[in-house]
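**Q** Structure in structure tokens, see below.
Only the coordinates and a few stated rules stand behind these numbers; no lab work does. These numbers were taken from a predicted model, which means no experiment stands behind them. Quick reminder, even Gly has a Cβ in these numbers, built from the backbone with ideal geometry, and neighbours come from all protein chains shown.
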Amino acid sequence: MRLSPLTAGHRDAVLAFETANRAYFAASVPDRGDGFFAGYPARHAALLAMQAAGTDRFHLLVTDAGEIAGRFNLTSIAGGEAEVGYRVAEAFAGRGAATDGVRQLCELARSAYGLRRLRADTSPDNHASRAVLLRNDFTFLGESTVDGVPTHRFARNLTS
Ligand SMILES: CC(C)(COP(=O)(O)OP(=O)(O)OC[C@H]1O[C@@H](n2cnc3c(N)ncnc32)[C@H](O)[C@@H]1OP(=O)(O)O)[C@@H](O)C(=O)NCCC(=O)NCCS
């Protein structure tokens, strides 16, 4: 499977991916809300504009057959750093897709985007996501909060 940068042509496939996995994702991360699904075409255009501006880099993990296994994103890009976010379809769960996607994302971040450090937050009970980050050489920094919600904070240097 390969990470592919998000394009305009991915719009319908991303909406289908999010719709098919909505309940699965909502069990471990906040639900997107009905507005996200109803207004997805505009949302997709906004993502592409953010990508063009260089503040974000969105990717899909695509199988050889063209199926979307997951989404792997770099957001809040500034000062050589970015936030990492990802989600893998239920149909691909537990097969190493997230581990592989984060590995490819780190490589792109370093070699294609010139980033020096990546940050990530997980909910404290998201053990699968924690395993994915630790296996990709992220270090657990400690407990934190995002918008008042408790998180576990991780980071990885890309320069060493
Ligand atoms: C978290 C998520 C990305 C993991 O995707 P995945 O492709 O299944 O992950 P992988 O197969 O690469 O690795 C998961 C690892 O976590 C382990 N794991 C899974 N559930 C676990 C649990 N409850 N406790 C401890 N480890 C667990 C798996 O065993 C696996 O490790 P292993 O290969 O050594 O067995 C996926 O579940 C997902 O998209 N969840 C919803 C969105 C989300 O939580 N995103 C991350 C936000 S920080």
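**Q** If you find the alpha carbon centre of the stretch 1-50 and of the stretch 107-160, how far apart are they in angstrom?
**A** Rounded to whole Å, the Cα centres lie 22 Å apart.
**Q** Would you mind classifying the stretch 30-74 by shape? Square roots of the alpha carbon gyration tensor eigenvalues, ordered a ≥ b ≥ c; an a/c under 1.5 is rounded, otherwise it is prolate if a/b is larger than b/c and oblate if not. Could the numbers behind the result be given before it?
**A** On the way: a/c = 1.91, a/b = 1.16, b/c = 1.64.
Oblate shape, in that a/c is at least 1.5 and b/c is the bigger or equal ratio.
**Q** Follow-up question, since we're still on this one. For LEU158, what charge total do you get from the other residues with a beta carbon under 10 Å from its beta carbon, if Lys and Arg give +1 and Asp and Glu give -1?
**A** +1
**Q** Still on this model: Could you please report the charge total around THR75, scoring K, R as +1 and D, E as -1 over all other residues with beta-carbon less than 9 angstrom from its beta-carbon? Provide the component values of the computation, followed by the final result.
**A** Details: positive: ARG57; negative: ASP56, GLU83.
Counting the neighbours of THR75, the net charge comes to -1.
**Q** Ignoring solvent entirely, what values of log10 I(q)/I(0) come out of the Debye formula for the stretch 2-157 at 0.10 Å⁻¹ when each Cα is a single scatterer?
**A** Result of the Debye calculation: -0.34.
**Q** Amide H neighbours of LEU141 under 5 Å, at least 5 residues apart or on other chains, H built in the peptide plane: list them.
**A** ARG153, PHE154, ALA155
**Q** Can you give me the distance in nm between label points at ALA131 and GLU143, each placed 7 Å from the Cα along the Cα-to-Cβ direction?
**A** Distance between label points: 2.4 nm.
**Q** Shape call for the stretch 101-157 from the C-alpha gyration tensor, a ≥ b ≥ c root eigenvalues: rounded (a/c under 1.5), prolate (a/b greater than b/c) or oblate? Spell out each step's value before the answer.
**A** Details: a/c = 2.46, a/b = 1.72, b/c = 1.43.
Verdict is prolate for the stretch 101-157.
**Q** Sticking with this one: Just rank ARG22, ARG153, ARG57, fewest to most, by other beta-carbon atoms within 10 angstrom. Walk me through the intermediate numbers first.
**A** Working: ARG22 13, ARG153 17, ARG57 22.
If I rank by nearby Cβ atoms, fewest first, I get ARG22, ARG153, ARG57.
**Q** Using the count of nearby Cβ atoms within 10 Å as a rough guide to exposure, how do TYR86, TYR24 rank from fewest to most?
**A** Details: TYR86 19, TYR24 14.
Final ranking by Cβ density, sparse to dense: TYR24, TYR86.
**Q** I would also like to ask the following. Looking at the chain only, what percent of DSSP beta bridges run antiparallel? Nearest 5 please. If you can, show how the numbers build up before the last one.
**A** Numbers: 30 of 33 bridges.
Bridges in the chain are about 90 percent antiparallel.
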